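The values are calculated or read from the model by the stated rules, or taken from the named source; none is laboratory data. The structure presented is a predicted model; accordingly, all values stated were derived computationally and were not measured. Every residue, glycine among them, receives a Cβ derived from its backbone with ideal geometry; neighbour counts consider all protein chains shown. Areas reflect the complete protein model, heavy atoms only, side chains present, ligands, DNA and RNA absent. Shrake-Rupley method; radii C 1.70, N 1.55, O 1.52, S 1.80 Å.
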Amino acid sequence: MSKTNNAESEAKHSCCSNKKDPSGEVTPNKDEIQQGKVDALNSVNAAETEEHQLIIDGASCASCVTKIEKALRAVKGVKSADMNFAQRSVIVTGNVKDASLITAVEIAGYNAKVDTSGSEEEALDEKEKADWQYYKKLMRDMTIALLLGVPLMIYGLMIGEMTVNTTGERIGWLAVGLATLGVMYFSGKHFYIGAWNSLKNHSANMDTLIALGTGTAWVYSMVVVAVPELLPQMARHVYFEATAMIIGLINLGLALEVKARGKTSEAIKRLIGLQAKTARVVRDGKDIDIPIEDVLLNDLIRVRPGEKISVDGLVVEGHTAVDESMLTGEPMPVEKSDGDKVVAGTINKSGSVVFKATRVGKDTALAQIINMVKRAQNSKPPIGRLADVISAYFVPVIMIIAVLSALAWLNFGPSSAVAFAIVSATTVLIIACPCALGLATPMSVMVGVGKAAEAGVLIRNGEALQTASKITTMILDKTGTITEGAPKVTDLLLAEGQIRQHVLMLAASIEAGSEHPLAMAILESAKEQGIEARRVSAFASIAGKGVEAVLDDSQLLFGNEKLMKERSIDIRAFIDRAQTLAEEAKTPMYFAINNKIAAVIAVADPIKTDSIEAIKRLQSNGIRIVMLTGDNRLTAKAIASKVGITEFVAEVMPEDKANKVAQLQKEGEIVGMTGDGINDAPALAHANVGFAIGTGTDVAIESADITLMRGSLHGLADAIAVSKATLTNIKQNLFGAFIYNVAGVPIAAGILYPFFGLLLSPIIAGAAMAFSSLTVVTNANRLRFFKAKDH
């Protein structure tokens with residue numbers, strides 16, 4: 001297509017067709033938009049059905065997660081059940097009653113209750129109170145156990161032998177044994193109850209290992225005290241200190257874990273903290289402060305400088321600047337005046353405004369963001385499901401290893417083989433801690449999703465979080481993604497003797513009847529300059545070429561080069577400059593008054609100020625960038641060249657975008673797709689990860705896996721950076737958990753004894769088990785300090 005033809009084709013907007021936007025990209029008509037929204041709503045309704053959130057009590061490790069999820073999924077009507085071990089909560093979707101779900105969990109050996117908290121803030125408060133009470137209980141249990149265990153350990157190391165050879169020693173150790181039994185009851189009964197519940201359900205978990213380990217040590221010691229003559233002299237050793245110390249140390253580890261994991265909820269806390277508690281409603285001419293729960297749709301709400309916006313709405317009075325950085329990451333305040341949207345949770349910086357409530361309660365954007373972040377934090381990436389599968393087999397395998405270890409010592413051990421067998425079996429049971437495996441993934445996901453939300457990136461699920469780190473090709477839509485998506489008048493070339501204000505008034509008047517974006521751009525330009533459009537007569541649309549009308553006896557003609565030539569209007573003085581504008585990705589249109597050329601008006605969709613830098617960030621990460629657009633090739637080439645993209649496809653239809661995604665996937669690429677319009681929805685849904693621009697359509701957002709709250713493409717690089725950091729953190733956690741068990745279990749079984757005479761103490765095993773979980777939680781919390789690149 002020639003440069004001139006480009007101008008001609010772009011000027012076709014003036015006809016009645018509304019199939020293309022100013023740059024040639026497909027713009028759906030109203031029916032298509034409405035149908036798209038209906039389809040999106042239907043898909044959302046179908047996906048949501050009913051959602052139930054349960055609080056789980058008694059889950060102690062990853063194997064418990066698998067059992068609980070399996071039990072819930074077996075309930076008729078349940079579509080999905082996903083448990084967050086770190087939160088001890090499970091979200092179930094499907095048509096099912098709460099009572100059925102609770103019964104299923106109880107049959108599996110655990111306790112459950114429905115989350116009845118009325119608001120997110122209440123839920124968080126209740127959870128923090130429950131965690132605090134649990135922390136205090138664990139610390140109390142730890143103190144009781146160590147008050148007995150530490151003196152016994154000091155006695156054994158520094159004062160005397162912990163053996164039974166005399167009647168006096170039997171009486172003394174019997175008293176210690178009873179005291180240890182008291183510790184087992186007061187400080188460790190939750191382990192034994194958990195183990196018993198698992199046994200009743202023909203399964204095993206972390207509690208089983210602890211109960212078996214500590215129980216074995218205590219029972220053996222009591223046998224030594226009760227009938228020492230049945231055992232060889234060398235085997236009359238008691239291990240009461242091991243039982244007390246193990247219970248104390250594991251309780252200490254759990255307490256520290258509870259405290260540390262509370263920090264992973266900071267992102268949700270900050271989002272909830274954005275919510276205003278009251279709103280100043282204007283009723284009967286008076287300002288009344290009421291709780292935001294009582295705000296109704298269409299209420300008029302006054303906001304003064306420094307106050308939070310309480311609900312979503314539209315400004316009806318006043319002018320101000322609003323700080324939206326807490327939701328979008330955009331650092332600069334945004335100007336708001338009559339007709340502009342305001343969002344709950346943002347802060348009014350300068351002026352006083354009155355706005356009309358359009359969305360309240362759980363319908364506000366902030367409430368939906370909080371809900372989306374919570375759901376994402378509860379979801380699991382594929383790597384987390386692998387850990388769950390391994391954990392399901394972990395406890396039985398450890399129990400078998402403990403038995404084999406004991407048999408090996410009994411058959412091949414030195415004298416006092418029974419004592420060595422007891423020690424090795426107990427140590428194996430205690431050191432194998434599957435809870436670290438269970439925590440490895442959800443803790444990192446919770447922190448990672450929260451960090452992304454802080455950067456204005458909303459991640460819908462764990463799978464998207466993981467896949468985003470592997471993206472090799474990113475497809476970018478042009479209009480509204482790379483560009484602003486709001487065409488503006490960029491150039492106004494006047495013929496000799498013409499006055500700018502007059503020409504713009506006439507152009508706005510003839511375009512006032514059109515809803516096309518190009519016409520809107522001219523009207524907006526006139527409005528900005530205080531020019532009002534006037535009513536024209538004899539308006540006519542000339543298919544594919546332009547429009548004509550009459551105003552104050554002046555014959556107006558507005559359209560492309562072809563139209564001008566057909567009407568024999570001399571435009572030679574402007575042709576070269578019009579072609580130059582076309583090469584700059586602008587759309588030049590000719591305007592004639594009384595059959596004489598009066599001006600050339602160029603309209604363009606400006607490139608976002610930070611698109612070039614953001615695309616460079618993606619390219620520097622080794623990501624291949626492809627631009628797709630319905631625009632003509634000349635304009636697409638100009639835009640691609642400006643932003644540094646070498647690969648682009650022009651004049652594509654919506655279905656072609658999805659086909660391009662599929663083609664790249666067949667080539668082995670992991671494809672990310674970024675768009676904002678209804679026409680991008682198929683490609684967004686088809687991509688490995690779909691990124692929706694938050695300022696785009698609802699349909700695009702519903703079709704995407706990740707939503708960028710602000711329009712900047714920096715959000716893409718931020719999302720990928722957070723994804724990579726989170727996945728690395730998960731791998732570190734899983735490596736730490738696996739290597740701990742791979743190295744710890746053989747040592748506990750006594751593999752080093754034949755070479756170095758080294759056999760691990762059960763007390764050391766208990767300490768290692770307690771701190772393995774703490775290590776995972778601490779490593780996950782390191783993500784809280786991750787910061788995407790400043791931009």
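Just checking, how many residues over segment 330-380 are assigned to a loop (DSSP other than H, G, I, E, B) and without any contact (Cβ under 8 Å) to a residue 24 or more places away in the chain? Give the derivation first.
First, the residues of segment 330-380 that are assigned to a loop (DSSP other than H, G, I, E, B): 330-333, 337-340, 343-346, 349-352, 360, 364, 379-380.
Then keep just the ones that are without any contact (Cβ under 8 Å) to a residue 24 or more places away in the chain; that gives 331-333, 337-338.
Within segment 330-380, residues that are assigned to a loop (DSSP other than H, G, I, E, B) and without any contact (Cβ under 8 Å) to a residue 24 or more places away in the chain number 5.
Anything in segment 592-645 that is farther than 23 Å from residue 672 by Cβ and polar (S, T, N, Q)? List them, or say none.
594, 595, 632, 635
Are there any pairs, at least 6 apart or on different chains, whose C-beta atoms fall under 7 Å, with the first in segment 277-290 and open to solvent by 80 Å² or more (accessible area, probe 1.4 Å) and assigned to a strand (DSSP E or B) and the second of a type in the set (S, T, N, Q) and modelled with pLDDT under 90, and if so, which?
289/278
Return the residues of segment 746-770 that are in contact with a Gly (Cβ under 6 Å, 6 or more places away or on another chain) and farther than 27 Å from residue 414 by Cα; say none if nothing qualifies.
Result: 770, single match.
Just to be sure before I move on: is residue 519 in contact (Cβ under 8 Å) with a residue 24 or more places away in the chain, open to solvent by 10 Å² or more (accessible area, probe 1.4 Å) and within 45 Å of the chain's Cα centre (by Cα) in the structure I sent?
no
Quick test for you: out of 205, 201, pick the one residue that is within 30 Å of residue 106 (Cα to Cα) and buried (at least 17 other Cβ atoms within 10 Å of the Cβ).
It is 205.
Could you say which residue among 81, 74 is modelled with pLDDT of 70 or more, farther than 21 Å from residue 268 by Cβ and open to solvent by less than 10 Å² (accessible area, probe 1.4 Å)? I'd like the intermediate steps shown before the answer.
Numbers: 74 fails: open to solvent by less than 10 Å² (accessible area, probe 1.4 Å).
Among 81, 74, only 81 is modelled with pLDDT of 70 or more, farther than 21 Å from residue 268 by Cβ and open to solvent by less than 10 Å² (accessible area, probe 1.4 Å).
Just to be sure I understand, how many residues within segment 592-608 are closer than 20 Å to residue 483 by Cα, part of a strand (DSSP E or B) and open to solvent by 30 Å² or more (accessible area, probe 1.4 Å)?
Going through segment 592-608 one residue at a time, the tally reaches 1.
So which of 669, 651 is touching a strand residue (DSSP E or B) at 6+ places or on another chain (Cβ under 8 Å), surrounded by fewer than 24 Cβ atoms within 10 Å (Cβ to Cβ) and part of a loop (DSSP other than H, G, I, E, B)?
Numbers: 651 fails: touching a strand residue (DSSP E or B) at 6+ places or on another chain (Cβ under 8 Å).
On inspection, the qualifying residue turns out to be 669.
Got a number for residues in segment 152-186 being open to solvent by less than 70 Å² (accessible area, probe 1.4 Å), out of contact with any Leu (no Cβ under 9 Å at 6 or more places or on another chain) and within 11 Å of residue 244 (Cβ to Cβ)?
4
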